[in-house]
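Reviewing the structure listed below.
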Amino acid sequence: IRCWSNIPFITVPLSRAHGKSFAHRSELKHAKRIVVKLGSAVVTRGDECGLALGRLASIVEQVSMLQNQGREMMIVTSGAVAFGKQRLRHEILLSQSVRQALHSGQSQLKDMAIPVLEARACAAAGQSGLMALYEAMFTQYSICAAQILVTNLDFHDEQKRRNLNGTLHELLRMNIVPIINTNDAVVPPPEPNSDLQGVNVISVKDNDSLAARLAVEMKTDLLIVLSDVEGLFDSPPGSDDAKLIDIFYPGDQQSVTFGTKSRVGMGGMEAKVKAALWALQGGTSVVIANGTHPKISGHVITDIVEGKKVGTFFSEVKPAGPTVEQQAEMARAGGRTLAALQPEQRAEIIYRLADLLTDQREEILLANKKDLQEAEDKGRLALPLLKRLSLSTSKLNSLAIGLRQIAASSQDSVGRVIRRTRIAKDLDLEQVTVPIGVLLVIFESRPDCLPQVSALAIASGNGLLLKGGKEAAHSNQILHRLTQEALSIHGVRDAVQLVNTREEVEDLCRLDKLIDLIIPRGSSQLVRNIQKAAKGIPVMGHSEGICHVYVDTDASVEKVTRIIRDSKCEYPAACNALETLLIHRDLLRTPLFDQIIDMLRVEQVKIHAGPKFASYLTFSPSEVKSLRTEYGDLECCIEVVDSVQEAVEHIHKYGSSHTDVIITENEKTAEFFLQHVDSACVFWNASTRFSDGYRFGLGAEVGISTSRIHARGPVGIEGLLTTKWLLRGDNHVVSDFSEHGSMKYLHESLPLPQRNAN
């Protein structure tokens, strides 16, 4: 804990030998010394007369937060000219007898001409006010700020350079935030042809070059350049084909077309890129990002330092493979080619993948053994996750069988006509199934998920991005290689991509222009995080699997213990495992109830008592903390209800709309339960574990959805399809169907073509 101005704050462990820039965004969280450059467009209002106070306050808050973490923050700011322009305009208006005009009417005020203001005079008038504003804002966070005005000569004169360097180091040592600006009131023109002649030479033409020069002089870890654009684009922003560049490497300038400079300020994007590359050469990492966007400006600086994908990151280390954006584009192109194949060709790919799973069994299990060994050595995975990570010969055989089921059932999935309507004579409308587009499937621990999901994507003609957990890296790599080998038989190798870069899940969820649907496979926490992080991309899945079994008064003694044992103990880590057991009150203190408790004890299931159940017992198990708990282990809650109606109400209140079961021999009671429970899967006298794509005959599933739109329950091929409308006409126009037109609407339903009998 460090102290300053009697206010303690927590420091973070930050240490790095300067001299080499960070290679990846994820390393930016280790940045100790940071320069934040605020462009004119960030600091000033849209009318270029005055400061954007709300935006500036947000930036100061973020800088203060990072400073109080123990980082050394410096700000290179614009805004003095704009602030001075506002003050001088006000003074000029007053000096031109505006006081009299204010009394005589606003019309005279509107007619008064305001002369063009010289920039140096505006800077002189604005510097003190700008600094006073920064001081007032930083004071709110008990942080002291200090102003330093520099010119190009201060860097060319060796004594002045040493003095500047010493002053800045002393301020940082005292936990003071230096606020640096070019002294625009006296700044001389830059020396010609002196740019980029070496690490120690760059002309201070504007605040971009000043920030770069300062960053290198002070051996800064990170330079954040905030402007009014999202980052660096491959062509001017706003043009039709402009794409944001996530990572920019030295030598990539030839692939970029620069536009004009920003609405205010001295430099455009080309100047920023030159300054950034110069700083990068000097060992400082650089990010150029948008500091004006209302949705992100409140956390843009902290997001960058946390390593999130914001703006353009400048790196000297070029990755061996494609970026995730390139992978998504490859998956879309490959998916479209895949969808255009004949159904038999797609099935052939899946059959080939099924064969490879058994033919290459030993290689797969060897890779999986490496993953298991590394997980055990690190000791980071709980036992249920280790079980999910493990592959076996029987698992691979089951996978192969499931894949062959998918291949056999996928013959007419894409392009199937589901509705035909004759709109008018010679004008026929069809609704046909088509792929959704590009799927992003994020999964934890379960390498068997990769071939399952790949087969479903292939059968439905979708491009696929896969992001597996690092704990299954070896298994995922070989399974993906086999998938691409199978795809290669029809030239669609790129349709399925495995993301191997250090891409954070949250960053993947922001690729709304490249990804059409996200499907998370993992813990409820993973699903919730993805649902929260997804920006404009629908998420298919369930955040929790709180499954209930209700034992009715008319339940069969033989069926109860079998179904409960299977639902809870067969695979307790599964999302379709029993978590809450509801028992009718009349069954308490009966032989059936005793059998249930004895069976759970034998299976070593820890019992938690619900409030009503606990009230019936003198000595009860530990009372449940919440009736809305997914244990994922050999634990369950027991609660008492008075009727099937109360059981339904309990499920609606505490359940997750996943899978719920009734055990009874009373058909009327069972039908009431089946019709009234509003869950994705509702069963009568069957284990919750049947809620599974393979067991439903879907071959496999991409997950279980508790959503109420598009797909619900185990999601197989059908859930990965959407539709489009095909209209075939012959010179038809809408005006022909007007009141006095020559044609009439028929809207006749037409028979559907026969489906493939296989």
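The values are calculated or read from the model by the stated rules, or taken from the named source; none is laboratory data. Please read these numbers as outputs of a predicted model, since none were measured by experiment. Methodologically, a virtual Cβ is constructed for each residue, glycine included, from the backbone with ideal geometry; neighbour enumeration extends over all protein chains shown. Ligands, DNA and RNA are stripped out before the accessible areas are found, and what is left, the full protein with its side chains, is counted by its heavy atoms. Shrake-Rupley method; radii C 1.70, N 1.55, O 1.52, S 1.80 Å.
DSSP bridge analysis restricted to region 324-533 gives an antiparallel fraction near 30%, rounded to the nearest 5. Between helix 207-217 and the chain there is an angle of about 80 degrees, using the helix long axis and the longest principal axis of the Cα atoms.
Within region 303-382, the GluC sites (Glu not before Pro) that combine a DSSP coil assignment with at most 16 other C-beta atoms in a 10 angstrom radius are E306, E316. Cross-link reach is defined here as a Cα-Cα straight distance under 21 Å, omitting same-chain residues fewer than 8 places apart; for K425 the lysines meeting it are K744. In region 548-701 the Cα-Cα distances spread across 5 Å bins starting at 0 as 2, 10, 20, 25, 23, 14, 5, 2, 0, 0 percent of all pairs. Projecting the Cα atoms of M218, T337, A124 onto the charge dipole of the chain (Cβ charges, centred on the Cα centre) puts A124 farthest toward the positive pole. Mind checking the angle between helix 449-460 and the chain's longest principal axis? C-alpha axes, 0 to 90 degrees, to the nearest 10. With both axes taken from Cα atoms, the answer is about 90 degrees.
Report, to the nearest whole %, how much of the accessible area of the chain belongs to carbon and sulfur atoms, 1.4 Å probe, protein only. Here it works out to 51 percent. Within straight-line reach of K653, meaning a Cα separation under 18 Å, sit the following aspartates and glutamates at least 8 residues removed in sequence or on another chain: E544, E579, E630, E639, D642, D678. By a 1.4 Å probe calculation restricted to protein chains, E61 has an accessible surface near 100 Å², given to the nearest 10.
For the chain, the relative contact order works out to 11 percent when only alpha carbon pairs closer than 8 Å and six or more residues apart are counted. Seen against the Cα atoms of the chain and their longest principal axis, helix 80-93 is set at about 60 degrees. Here the simple spin-label model places points 7 Å from the Cα toward Cβ, and for A473 and S398 these points are separated by 2.8 nm. Among the listed pairs K318/K513; K32/K378; K32/K219; K32/K318; K309/K513; K29/K378, those whose Cα-Cα separation exceeds 19 Å are K318/K513; K32/K378; K32/K318; K29/K378. If you take the square roots of the eigenvalues of the alpha-carbon gyration tensor of region 324-533 and sort them as a ≥ b ≥ c, do you get rounded (a/c under 1.5), prolate (a/b over b/c) or oblate? Cα axes put region 324-533 in the prolate bin.
Solvent exposure of region 548-701, expressed per residue, is 45 Å² of accessible area, with all protein chains present and a 1.4 angstrom probe.
Computed extension length for T722-L674: 14.5 nm, one decimal, from 0.36 nm per residue of separation with the Cα-Cα distance subtracted. Within the full protein context, the accessible area of Y141 is estimated at about 80 Å² for a probe radius of 1.4 Å. In the chain, the DSSP-assigned H stretches of four residues or longer account for a calculated mean residue ellipticity at 222 nm of -11500 deg cm²/dmol, using -39500 (n - 2.57) per stretch and the full residue count as denominator. Annotation: aspartates and glutamates with alpha-carbon distance below 12 angstrom to K559 (same-chain offsets under eight excluded): E665. For region 399-488, the list of trypsin sites (Lys or Arg not before Pro) that fall in a loop by DSSP and count at most 14 other C-beta atoms within 10 angstrom reads K425. In the chain, taking the dipole from charged Cβ atoms about the Cα centre, the farthest positive-side position among T393, V641, P520 is held by P520. Per-residue surface analysis assigns I401 an accessible area of about 80 Å², computed on protein heavy atoms at 1.4 Å probe radius.
When +1 charges are put on Lys and Arg Cβ atoms and -1 charges on Asp and Glu Cβ atoms, the dipole computed for region 548-701 relative to its Cα centre reaches about 300 debye. For region 601-758, the relative contact order comes to 13 percent (Cα pairs under 8 Å, sequence separation of at least 6).
Taking the centroid of alpha carbons for each part, region 582-606 and region 324-375 are 46 Å apart.
Counting only Cβ charges, +1 for Lys and Arg and -1 for Asp and Glu, the dipole size of the chain around its Cα centre is about 1380 debye. Once both labels are positioned 7 Å from their Cα atoms along Cα-to-Cβ, the gap between K625 and A242 label points is 5.0 nm.
With 22 Å as the limit on Cα-Cα distance, the pairs of K295/K535; K387/K625; K369/K470; K370/K467; K20/K272; K272/K467 that go past it are K387/K625; K272/K467.
Annotation: per residue accessible area for region 324-533 equals 41 Å², rounded to a whole number [probe 1.4 Å, protein chains only]. Of all DSSP beta bridges confined to the chain, the antiparallel ones make up roughly 30%.
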